[in-house]
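Right, one structure below, let's go through it.
Please treat every number below as a calculation from the coordinates, not as lab data. Please read all numbers here as calculations on a predicted model, not as lab measurements. All Cβ positions, glycine included, derive from the backbone under ideal geometry; neighbour counts span all protein chains shown.
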There are 2 protein chains.
Amino acid sequence: MIGQQYLLLPGPTPIPDRVLRAMNRPMINHRGPEFRDMLYEVTRGVKGIYGTDQNLLIYPSSGTGVLEAAVVNFISPGDKVLAVSIGVFGDRFAAIAQNFGAEVEKISFKWGEAADPHIIKEIIQKDKQKQIKAVLITHNETSTGAFNDIKAVKQAMQDHPALLMVDCVSGLGALEFNMDDWGVDVALSGSQKAFMIPPGLGFMAFGNRALEIHRNNTNHRYYWDVTAGLNYLEKGQTAFTPAISLIYGLQEALVMMAEEGLDNIIQRHRNYRDMVRAAIGELGLELLAPDQHASTALTAVLAPGRSGANQIRSKMLNRFNIVLAGGQLELDDVMFRVGHLGYVRELDLLAVIAALEITLLESGFKVELGAGVHKAQQYILAR
Amino acid sequence: MIGQQYLLLPGPTPIPDRVLRAMNRPMINHRGPEFRDMLYEVTRGVKGIYGTDQNLLIYPSSGTGVLEAAVVNFISPGDKVLAVSIGVFGDRFAAIAQNFGAEVEKISFKWGEAADPHIIKEIIQKDKQKQIKAVLITHNETSTGAFNDIKAVKQAMQDHPALLMVDCVSGLGALEFNMDDWGVDVALSGSQKAFMIPPGLGFMAFGNRALEIHRNNTNHRYYWDVTAGLNYLEKGQTAFTPAISLIYGLQEALVMMAEEGLDNIIQRHRNYRDMVRAAIGELGLELLAPDQHASTALTAVLAPGRSGANQIRSKMLNRFNIVLAGGQLELDDVMFRVGHLGYVRELDLLAVIAALEITLLESGFKVELGAGVHKAQQYILAR
């Protein structure tokens with residue numbers, strides 16, 4: 001099909017030409033001074049996005065890799081952990097902890113909803129013996145388009161010593177997150193979301209309190225070991241061969257993020273969300289997440305009658321070259337997800353709404369052509 | 001400095017422009033048909049390089065990551081394993097097995113030498129109870145420039161049921177390797193060596209016998225789990241988000257490798273080795289590995305008087321923009337390593353020899369200027 005594809009997934013996200021060009025460079029020695037300077041620069045830059053002055057390691061891995069890294073470095077077999085799940089990725093974090101021998105107490109909230117900090121508070125308060133060693137939670141739940149209020153969760157934990165470990169893979173850089181201010185101990189992210197680079201880098205930020213706990217950790221590990229990682233980082237290196245081309249891309253993406261400013265980036269994502277939700281609501285479609293928990297990174301839309309979402313996606317792809325994500329597990333075919341994360345333009349989103357109107361109309365649903373687009377225009381106009 | 005750097009490391013290796021351009025493309029949906037077709041194509045291609053019709057998974061990871069993948073999928077805690085080491089990477093494979101609870105018997109050979117299959121045979125024959133569950137060995141030892149005769153090692157194991165697990169990270173595609181013919185059970189490799197693409201992809205090939213053993217494996221794992229990997233591969237997907245841009249590069253690199261032909265590629269690497277060793281020998285420098293075990297991927301050269309290697313490397317870098325690798329651990333400053341792996345030209349290697357002659361002369365060593373170059377020319381002429 002003519003023209004570039006509209007890639008509106010909650011990851012991988014579109015890559016800016018500047019980033020592609022930055023990656024399009026010869027390899028260098030990953031044990032030499034040029035790489036060292038770059039590694040220090042990107043480490044500083046990613047820490048800035050996290051809002052942390054503590055520790056950060058960059059792994060050649062997907063986001064799931066760094067979830068495993070967090071578990072094997074900071075949770076020991078037999079440790080009791082509280083895993084808070086609001087969807088697929090909350091379940092995944094819990095499953096990893098379980099696979100590595102933790103005693104997992106999982107609390108699940110309805111898909112589309114956020115975790116209720118009061119319930120977390122109750123559980124935490126009952127733990128008089130301080131047996132819970134860690135609380136695992138997702139920041140932005142990619143499977144539902146809802147986000148958790150991490151600051152409130154930390155406050156709910158009061159002075160309980162459990163580590164707060166947060167999966168920020170799809171939220172960091174798109175949703176407000178202040179690791180040190182909020183008191184988060186471990187936070188995981190990846191390259192293919194708000195960082196605007198291809199998949200293949202995992203980020204793990206961790207505080208000094210987590211590092212102390214790591215010293216006595218008894219889990220099996222080698223590749224993810226943070227002691228090795230930090231020892232090499234001191235020399236300006238990574239423990240194992242780094243994904244050099246992706247780090248070139250990260251370096252350029254961080255320059256772009258600094259030019260725009262983190263607050264502006266987050267506000268831009270809020271604008272995407274508000275516009276998309278208003279326009280889609282205008283078409284009479286139901287949104288999975290309520291306003292107060294709605295992600296700025298993606299919007300999950302229920303298909304009319306809660307079925308046929310995959311046919312809508314398929315028509316959007318074949319006729320308009322627009323890639324949307326489907327629903328996962330029990331939400332397969334029930335809903336589709338519109339990613340508005342990273343290097344997207346609001347007019348792309350407006351175009352998606354226009355295409356969705358046509359698709360719905362052609363599929364036999366009652367839609368007023370232009371109603372959603374008009375709503376989106378009003379949002380753009382009002383700013 | 002003017003002109004492109006001579007990157008003569010045993011990884012990362014130079015990236016062909018065709019591969020860089022292939023990577024310089026927009027992201028696609030990693031759960032869609034376009035990615036599926038590409039994944040099947042590269043999986044087939046990499047299997048061809050291994051010489052296997054069995055199973056192959058591609059991970060977003062460095063080479064060390066897939067060493068860990070092999071251990072956690074195919075070795076259970078308490079399993080006795082025989083780890084054969086001829087250098088840093090043999091030691092690493094043993095350390096990973098140990099970290100994950102295996103009972104490791106390690107036999108180490110002198111650095112620069114290959115493992116003696118007779119000694120392996122003796123150990124294997126003594127194991128009447130068949131308690132050894134796996135033999136771990138390095139194909140090409142990057143730290144010394146020696147390679148092991150894997151076929152002979154398998155023959156030495158006779159009908160012992162232990163899995164033969166081979167670290168082929170730096171050897172695959174540069175040295176002969178025939179996984180199925182030789183009866184290798186698990187073989188690991190990575191992208192940044194003979195595959196001519198940036199670091200960030202790990203390859204794990206494994207036979208059906210290994211897969212059977214995996215079914216009862218009790219090690220902790222999640223990210224590396226091959227059951228999950230194979231289930232997703234059946235759908236044309238990876239279990240976790242793949243490093244899409246590197247897979248674009250792999251696709252193009254495999255086309256280039258098919259154009260050249262695997263036998264020709266391996267012969268080309270033999271030519272590099274023979275030329276470099278003859279020329280350096282002509283300069284009176286000592287080579288760490290003897291001819292019969294000498295790697296086709298890199299040559300380890302002892303500095304005159306066995307010290308000052310880092311100063312030679314530093315002069316080569318600063319004056320000629322030539323990047324050589326140093327010696328590792330006790331061989332630091334004792335030797336340097338010339339990578340001749342992947343997308344290099346023999347005239348680049350001739351230029352390195354010329355530069356080395358100048359560097360040695362200026363450093364006060366007795367060298368006949370042009371002697372090594374002349375030898376190299378003779379090698380080129382004789383073909």
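State the Cα centre-to-centre distance between the stretch B:11-85 and the stretch A:1-69 in whole Å.
Their Cα centres are 20 Å away from one another.
Counting only helical runs of four or more DSSP H residues, what would the 222 nm mean residue ellipticity of chain A come to if each run contributes -39,500 (n - 2.57) and the total is spread over all its residues?
Numbers: 14 runs with 166 residues, N = 383.
For chain A, the value works out to -13500 deg cm²/dmol.
Just how large is the dipole of the protein assembly as shown about the Cα centre, in debye to the nearest 20, putting +1 at every Lys and Arg Cβ and -1 at every Asp and Glu Cβ?
Values: 72 positive and 82 negative charges, 22 e Å.
Once rounded to the nearest 20, the dipole reads 100 debye.
Out of residues 5 or more away from residue B:327 or on other chains, whose amide H comes under 5 Å of its own, with H placed 1.01 Å from N in the peptide plane?
B:333, B:334, B:335
Quick one: putting +1 on the C-beta of Lys and Arg, -1 on the C-beta of Asp and Glu, what dipole do you get for the stretch A:233-383 around its Cα centre, in Debye to the nearest 20? Provide the component values of the computation, followed by the final result.
Values: 14 positive and 17 negative charges, 36 e Å.
With Lys and Arg at +1 and Asp and Glu at -1, about 180 debye.
Springs between alpha-carbon atoms under 10 Å, Gaussian network over chain B: tell me which of B:100, B:195, B:203 tops the mean-square fluctuations.
Looking only at B:100, B:195, B:203, the largest GNM fluctuation is found for B:100.
Run the reach check for residue A:375 against lysines, Cα to Cα strictly under 21 Å, same-chain hits fewer than 8 apart removed. What comes back?
The qualifying lysines are A:366.
Can you grab the distance from the C-alpha centre of the stretch A:132-173 to the C-alpha centre of the stretch B:302-327, Å, no decimals?
Result: 50 Å between the Cα centres.
Taking 8 Å as the Cα distance limit and 6 or more residues as the minimum spacing, I'd like the relative contact order of chain B as a percentage. Walk me through the numbers before you get to the answer.
Numbers: 789 pairs, mean separation 87.3, N = 383.
Relative CO of chain B lands at 23 percent.
Of the options B:287, B:377, B:339, report the single residue whose Cα projects farthest towards the positive end of the charge dipole of chain B (beta-carbon charges: Lys, Arg +1; Asp, Glu -1).
B:339
Which Cα, out of B:208, B:30, B:171, lies furthest along the positive dipole direction of the stretch B:17-258 (beta carbon charges, K/R +1, D/E -1)?
It is B:30, whose Cα lies furthest towards the positive end.
Mean Kyte-Doolittle hydropathy of 1.0 or higher plus an axial Cα length of 20 Å or more: which whole DSSP H helices in chain B meet both? Show your work: numbers first, answer last.
Details: long enough: B:33-50 (26 Å, -0.43); B:244-260 (24 Å, 0.91); B:262-282 (30 Å, -0.80); B:346-362 (24 Å, 1.57).
Helices passing the filter in chain B: B:346-362.
Would you mind telling me which residue in A:33, A:14, A:77 has the biggest mean-square fluctuation in a Gaussian network model of chain A, where springs connect alpha carbons within a distance under 10 angstrom?
A:33
Summing Lys, Arg as +1 and Asp, Glu as -1, what charge do residues with Cβ under 12 Å from the Cβ of residue B:152 carry, residue B:152 excluded?
Computed value for this residue: +1.
What FRET efficiency would be calculated for the residue pair residue A:383, residue A:110, taking the C-beta separation as r and a Förster radius of 35 Å, to the nearest 0.05?
On the way: r = 33 Å, r/R0 = 0.93.
Result of the calculation: an efficiency of 0.60.
Rank A:363, A:62, A:191 by mean-square fluctuation in a GNM of chain A with C-alpha springs under 10 angstrom and give only the top-ranked residue.
Result: A:363 has the largest fluctuation of those listed.
Net charge near residue A:181, counting Lys/Arg +1 and Asp/Glu -1 over other residues with Cβ under 12 Å of its Cβ? Could you put the intermediate results ahead of the total?
Numbers: positive: A:151, A:154; negative: A:53, A:176, A:180.
Every neighbour counted, the sum reads -1.
Quick one: dipole size for the stretch B:17-258, taken about the Cα centre, charges +1 on Lys/Arg Cβ and -1 on Asp/Glu Cβ, in debye to the nearest 20. All intermediate terms of the calculation are to be shown ahead of the outcome.
Values: 23 positive and 26 negative charges, 69 e Å.
Here the size comes out at about 340 debye.
What gaps in nm, shortest first, separate residue A:218 from its twins in the other copies when you place the label 7 Å past Cα toward the beta carbon?
Computed spacing set for this position: 1.6 nm.
Report, in whole Å, the centroid distance computed from the Cα atoms of the stretch B:87-112 and the stretch B:331-383.
The stretch B:87-112 and the stretch B:331-383 have Cα centres spaced 33 Å from each other.
Each residue of the stretch B:105-113 in order: what ³J(HN,Hα) in whole Hz does its phi give by Karplus 6.51 cos²θ - 1.76 cosθ + 1.60, θ = phi - 60°, with x for Gly and Pro?
Each residue of the stretch B:105-113 in turn: 9, 9, 10, 10, 10, 4, 4, x, 8 Hz.
Of B:151/B:193; B:126/B:193; A:47/A:121; A:110/A:151; A:110/A:133; B:133/B:193, which ones are farther than 32 Å apart at the Cα? Intermediate values should be presented prior to the final figure.
Working: B:151/B:193 22 Å; B:126/B:193 37 Å; A:47/A:121 29 Å; A:110/A:151 20 Å; A:110/A:133 25 Å; B:133/B:193 29 Å.
B:126/B:193, as the Cα separations exceed 32 Å there.
Residue B:154: which aspartates and glutamates have alpha carbons under 19 Å from its alpha carbon, excluding same-chain residues fewer than 8 sequence positions away?
B:53, B:105, B:113, B:116, B:122, B:127, B:141, B:167, B:176, B:180, B:181, B:185
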